[in-house]
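Working notes, structure below.
The values are calculated or read from the model by the stated rules, or taken from the named source; none is laboratory data. These numbers come from a predicted model, not from an experiment. As a convention, Cβ positions derive from the backbone with ideal geometry for all residues, glycine included, and neighbour counts pool all protein chains shown. Heads up: the accessible areas ignore ligands, DNA and RNA and are worked out on the full protein's heavy atoms, side chains in. Shrake-Rupley method; radii C 1.70, N 1.55, O 1.52, S 1.80 Å.
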Amino acid sequence: MSKKSNQNNLLSILTAVVMLIATYMIFFSLPIMRDESGEILDNSFNIFYFHLPIAITSYLAFFVVFVASILYLKKGTHNWDVLARSSAEVGSIFALLVLVTGSIWAKATWGWYWIWEPRLTTSLALFLVYLAYLLMRQAIEEPEKRARLSAVFGIIGFASVPLSFLSIRMWRTHHPLMFGSQGSGGGGLEGTSLQLTLLVNLIAFFLLFATILSYKVQNEKLQEIITEKKQALP
Amino acid sequence: MIRSLHIAAKDLKAEFRTKQMLNSMVIFSLLVIVIFSVSFGDLLGNSKIVTQLAPGVLWISFTFAGMLGLSRSFAGELENGCLEGLKLCPVDRSAIYNGKTISNAVIMFLVEIITVPLFAVMFNYSINGLAGLAIVIILGTIGFISVGTLLSALTVNTRTRELLLPILLLPIIIPVIIPAVLATGKMLANGDISDISGELRLLAVYDIIFFIIAQLVFEYAIGD
């Protein structure tokens, strides 16, 4: 256990350092953004450097749930279930943060908190699917059954998300692609310093996810040991 | 395949003896439509607004009525250990799933056949392009029912199954509802089948993907 917690400590220190660098880069080292006509854009764009990495990390989290669910059904090893559960919980927080940061950004640039835009709505659908997943876990008491049934749902839920994206895009095709600055076509991320900032932030949020996940898994295991001990008491 | 037909036939026979589920689903979907048309009130006079609202109302009534049927689909088997009996059948587990899907879909189609004309009357519609509408409804229902049957089996062993099923089902069927509503709207607005090929393709893809996933995971969902 002590070796494991040493690893966790190391991981969290590393995360803290990279996170600090990433935040520093956003606030102090970025050049002033200008659009095509040379107007200075306001700083609200900076939230993008949080928003995109969080979004990608939340998708990653649910991919972990999906893979862990398949492996649980295939191998029946208890650890995969712990991983799936932990990843779903951490991932839902990230998914919520995506919606929050996205809404703040949307308010600043478009004037509305919410737009039924494909990516936003897909993020919402993803969040709802995994809320349902977590609710389902709470509703079942027997550990083995809970693990098995939620693994099935983890697979179904993950499969539905890309389809949601396709269907929502069909629903809102007339809406302009507001996130154009991500791609090569938009007026945003050509400068290397911007790309570097984005990359460092991406790494920082991956590390954050890995740290929280690793602590979460450890917690879950400890909790199980406690439950076992409690049941063993007369 | 023939075995799943046997299971479907058993379910339908049991259903048609009492018609309990069918009656309540029809009445429920009717009630949903009535409640909506009452709550929209004066808006119904404006045919432009109606064309925008009506497809959504139709699919909400289908989904809710379907949910009613799905929650009973496996729960009904719990009495007298019927579910154990089904599991003991010398058939592949996926045959149980296929049979249940077929019987649920048949019941759902019956409900829809009764609902659509009433819907047309209540919302002052003259339905054109019936063939296209039928294709949309059939594809949408199959997608909805194939996921629903799987989740119905998934929730049957939990304590709060009636509560859990809608919570699990609704986020998953977003990709069915959106193209189905879009395509229904286009068909009701004198559309041609070629206008809705994109929606139909998406519905078909959804049906196929979830049918295959269900074949793979059903035996885990129903338990040992």
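What number of residues within the range A:99-126 satisfy the criterion of being open to solvent by 10 Å² or more (accessible area, probe 1.4 Å) and either at pLDDT 90 or above or among the aliphatic types (A, V, I, L, M) (or both)?
Result for the range A:99-126: 7.
Could you grab me the full set of residues in the range A:127-139 that are open to solvent by 60 Å² or more (accessible area, probe 1.4 Å) and not hydrophobic (A, V, I, L, M, F, W, C)?
Residue satisfying the conditions is A:Gln138 alone.
Return the residues of the range B:127-160 that are under 30 Å from B:Glu84 (Cα atoms) and open to solvent by 60 Å² or more (accessible area, probe 1.4 Å); say none if nothing qualifies.
The answer is B:Ile142, B:Arg159.
Select the helices (runs of 4 or more DSSP H) contained entirely in the range B:122-204, then report the ones holding at least 1 residues which are in contact with an Asp or Glu (Cβ under 9 Å, 6 or more places away or on another chain).
It comes to B:130-155, B:174-188.
Among the numbered conditions (1) free of Cβ contacts under 8 Å to residues at least 40 places away in the same chain; (2) within 11 Å of chain A (Cβ to nearest Cβ); (3) surrounded by fewer than 22 Cβ atoms within 10 Å (Cβ to Cβ), tell me where B:Ile172 comes up short.
(3)
Could you list, ordered by first residue, the pairs with Cβ atoms under 6 Å in which the first is in the range A:163-180 and at pLDDT below 55 and the second is of a type in the set (Gly, Ala, Ser), at least 6 apart or interchain?
A:Gly180/A:Gly186
Considering only residues of the range B:203-224 that are within 10 Å of chain A (Cβ to nearest Cβ) and not hydrophobic (A, V, I, L, M, F, W, C), which is most open to solvent (accessible area, probe 1.4 Å)?
That would be B:Asp224.
Test of understanding: among B:Ser73, B:Ser4, B:Ser61, which residue is of a type in the set (S, T, N, Q), more than 17 Å from B:Thr141 (Cβ to Cβ) and surrounded by 19 or more Cβ atoms within 10 Å (Cβ to Cβ)?
Matching residue, one of B:Ser73, B:Ser4, B:Ser61: B:Ser4.
Please identify the pairs in which a residue from the range B:129-145 that is touching a residue at least 24 places away in the same chain (Cβ under 8 Å) has its Cβ atom under 6 Å from the Cβ atom of a residue that is not in a helix (DSSP H, G or I), counting only partners at least 6 apart or on another chain.
From residues that are touching a residue at least 24 places away in the same chain (Cβ under 8 Å), the pairs are B:Phe144/B:Ile173.
Restricting the search to the range A:140-156, which residues are facing another protein chain (nearest Cβ under 8 Å) and open to solvent by less than 10 Å² (accessible area, probe 1.4 Å)?
Matches in the range A:140-156: A:Ile140, A:Leu149, A:Ala151, A:Val152, A:Phe153, A:Ile156.
Look at B:Ala105 and say whether it is surrounded by fewer than 22 Cβ atoms within 10 Å (Cβ to Cβ), within 14 Å of B:Asp11 (Cα to Cα), under 19 Å from the mean Cα position of the chain (by Cα) and modelled with pLDDT of 90 or more.
Criteria met by B:Ala105.
Quick one: which helices (runs of 4 or more DSSP H) sit completely within the range B:1-112 and have at least 3 residues that are touching a helix residue (DSSP H, G or I) at 6+ places or on another chain (Cβ under 8 Å) and among the aromatic types (Phe, Trp, Tyr)?
The helices (runs of 4 or more DSSP H) meeting that bar are B:20-40, B:47-75.
Go over the candidates B:Asn124, B:Asn80, B:Asn98 one by one and state the one that is crowded, with 19+ Cβ neighbours inside 10 Å and not hydroxyl-bearing (Ser, Thr, Tyr).
B:Asn98
Being open to solvent by 10 Å² or more (accessible area, probe 1.4 Å), within 13 Å of the chain's Cα centre (by Cα) and either among the polar types (S, T, N, Q) or within 9 Å of chain A (Cβ to nearest Cβ) (or both): is that true of B:Leu182 here?
When the stated conditions are applied, B:Leu182 does not pass them.
Identify, please: which residue in the range B:20-43 is of a type outside the set (A, V, I, L, M, F, W, C) and open to solvent by less than 90 Å² (accessible area, probe 1.4 Å) and is, among those, modelled with the lowest pLDDT?
Only one residue fits best here, namely B:Gly41.
Do we have B:Ile167 as farther than 26 Å from A:Leu135 by Cα, without any contact (Cβ under 8 Å) to a residue 60 or more places away in the chain and open to solvent by 10 Å² or more (accessible area, probe 1.4 Å) here?
The answer is no for B:Ile167.
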